[in-house]
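Values quoted throughout were computed directly from the atomic coordinates according to the rules given, and no laboratory measurement underlies them. As the structure is a prediction and not an experimental result, all values here were calculated from the model.
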Amino acid sequence: MTKEAEEREAAALLGAEFDVLIARAGLTIPEDRRAELLAAFADLRAEIARLGEALGPDAEPAAVYRAADRDSSQ
């Protein structure tokens, strides 16, 4: 499969996922807004994937400070 064909297939799958999620939520998207919202959905999915790869469990802000790290004299 060529890169172009893979990109078309990925776009079709993303569009199908978007349609399923919109239907599951009971929403109706006007046809003239669908392309814009689909692009935003694609950006959101890409950002979620990037965040999942870039940050491991040790980067969780809740793990940065521990009660024992605080100076009790203050």
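Rounded to whole Hz and in sequence order, give me ³J(HN,Hα) for the range 16-23 from the Karplus expression 6.51 cos²θ - 1.76 cosθ + 1.60, θ = phi - 60°, writing x for Gly and Pro.
Here the 3J(HN,Hα) series is 5, 4, 4, 4, 5, 5, 5, 5 Hz.
Go through the range 35-49 residue by residue and turn each phi into a ³J(HN,Hα) via Karplus (6.51, -1.76, 1.60, θ = phi - 60°); whole Hz please, and just put x for glycine and proline.
The phi angles translate into 4, 5, 5, 5, 5, 5, 4, 4, 5, 4, 4, 5, 5, 4, 5 Hz.
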